[in-house]
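Down below is the structure, laid out as structure tokens.
The values are calculated or read from the model by the stated rules, or taken from the named source; none is laboratory data. This one's a predicted model, so the numbers in the text were calculated from it and none came from an experiment. Here the Cβ is made from the backbone with ideal geometry for all residues, glycine too, and neighbour counts use every protein chain on show. When the accessible area is computed, the model is the full protein with side chains, heavy atoms only, and any ligands, DNA or RNA have been set aside. Shrake-Rupley method; radii C 1.70, N 1.55, O 1.52, S 1.80 Å.
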Amino acid sequence: MRKTLLTVALVILAVLTAYFFIRTNAEENELTIIVGNTTIEIEIAETSEQRIKGLSGRKSLPDNRGLLFIYDQPAFYEIWMKDMNFPIDIIWFDSDKKIVSISENVKPESFPEVFLPNDLALYVLEVNAGFSDENRIKIGDKFDYLKAE
């Protein structure tokens, strides 16, 4: 009986440890930001591997969700639609978190074309196509972090 209780306790401990480990890692890569007057739940792509993959291979992106690319220094970062399954809006921000360029309704079939900002950018946000227009997001708008999820 003691052996069974000990085994059950260890299994519960392992499950709880795994849950909190996964939740902690998810929190590190998920944030809420506001652009203009619009709140967006985002995932963060900050490693080279995450930035190369982007939204590739996904079937869709939920409404008011996005992927924010965070780079180490301002540059003219290229975005392409390799292995994409749905169109997106691409929004580039400078180091002050101000929008410097927007490419709207970029379609998967545009690959291998690359899309570039009009000015140096430090952040790139990918959202569903039409998002910028629907939410009146424009060049000059800024984003702010709201809270960790």
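What the table below lists for this structure:
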| item | result |
| --- | --- |
| Residue match in region 73-85 (condition: exposed (fewer than 13 other Cβ atoms within 10 Å of the Cβ), free of Cβ contacts under 8 Å to residues at least 40 places away in the same chain and not β-branched (Val, Ile, Thr)) | yes |
| Yes/no for Asp89 being in a strand (DSSP E or B) and out of contact with any Asp or Glu (no Cβ under 6 Å at 6 or more places or on another chain) | no |
| All positions within region 92-115 that are assigned to a loop (DSSP other than H, G, I, E, B) and surrounded by 15 or more Cβ atoms within 10 Å (Cβ to Cβ) | Asp94, Lys97 |
| Residue ID - nearest to the chain's Cα centre (by Cα), chosen from residues in region 47-72 that are charged (D, E, K, R) and open to solvent by less than 60 Å² (accessible area, probe 1.4 Å) | Arg65 |
| Residues within region 44-72 that are of a type in the set (D, E, K, R), without any contact (Cβ under 8 Å) to a residue 60 or more places away in the chain and closer than 24 Å to Lys98 by Cα, tallied | 3 |
| Residue among Leu67, Leu13, Leu31, Leu5 that alone is assigned to a strand (DSSP E or B) and at pLDDT below 90 | Leu31 |
